[in-house]
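Undergrad: Would you mind keeping the following structure in view while I ask a few things?
The values are calculated or read from the model by the stated rules, or taken from the named source; none is laboratory data. Being a predicted model, the structure only gives us computed values, none of them experimental. So basically every Cβ, Gly included, is an ideal-geometry build from the backbone, and we count neighbours across all protein chains shown.
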């Protein structure tokens with residue numbers, strides 16, 4: 001599975017967004033350890049605190065289907081010309097289920113794509129720092 005294919009799935013997921021307040025669609029696609037692609041989209045609510053991001057939507061769907069380890073992530077924000085990465089809450093949730101070197105690609109409506117890793121998104125994640133210090 002390549003990141004181009006995963007990103008195309010994130011783009012499709014963004015089309016299912018429920019975003020009547022922000023009009024900002026987001027789609028996420030996770031590649032599971034066993035090779036499945038699980039997607040999610042943002043679902044807004046008029047009580048903004050109850051809104052769920054596409055990345056967490058995908059994680060919840062994946063865990064509900066039995067997947068608990070993910071090897072790659074793609075995020076599409078078609079209503080933004082520039083690539084928009086995951087919010088802090090999503091970064092924290094993703095770090096629970098993905099290894100530090102797991103690839104992440106995100107992009108908006110332009111051709112620009114950002115390729116990074118979970119570690120670079122969340123460089124001082126205490127979960128990994130603690131595990132690394134215990135293995136020294």
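Undergrad: Within region 49-70, identify whether any single residue is exposed (fewer than 14 other Cβ atoms within 10 Å of the Cβ) and under 19 Å from residue 103 (Cα atoms), and answer yes or no.
TA: Yes.
Undergrad: Any idea which of (1) over 13 Å from residue 10 (Cβ atoms); (2) in a loop (DSSP other than H, G, I, E, B) is the one residue 78 doesn't satisfy?
TA: (1)
So that you can scan it fast, the table gives a plain yes or no per residue for (1) touching a strand residue (DSSP E or B) at 6+ places or on another chain (Cβ under 7 Å); (2) under 21 Å from residue 109 (Cα atoms):
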| site | (1), (2) |
| --- | --- |
| 46 | no, no |
| 50 | no, no |
| 55 | yes, yes |
| 62 | yes, no |
| 65 | yes, no |
| 68 | no, no |
| 71 | yes, no |
| 80 | no, yes |
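Undergrad: Identify the residue in region 12-44 that is assigned to a strand (DSSP E or B) and touching a residue at least 40 places away in the same chain (Cβ under 8 Å) and, among all such residues, is nearest to residue 90 (Cα to Cα). If you could, list the steps in order and put the result at the bottom.
TA: First pass over region 12-44, keeping only residues assigned to a strand (DSSP E or B): 18, 27-32, 37-41, 43.
Still in the running and touching a residue at least 40 places away in the same chain (Cβ under 8 Å): 27-31.
Numbers: 27: 13, 28: 11, 29: 13, 30: 13, 31: 16 Å.
The qualifying residue nearest to residue 90 (Cα to Cα) is 28.
Undergrad: Now for a separate question. Restricting to region 95-114, count the residues that are touching a strand residue (DSSP E or B) at 6+ places or on another chain (Cβ under 8 Å) and over 13 Å from residue 7 (Cβ atoms).
TA: Residues that pass the stated criteria total 6.
Undergrad: Follow-up question, since we're still on this one. Please count how many residues of region 95-117 are modelled with pLDDT under 95 and assigned to a helix (DSSP H, G or I).
TA: Selection size over region 95-117: 2.
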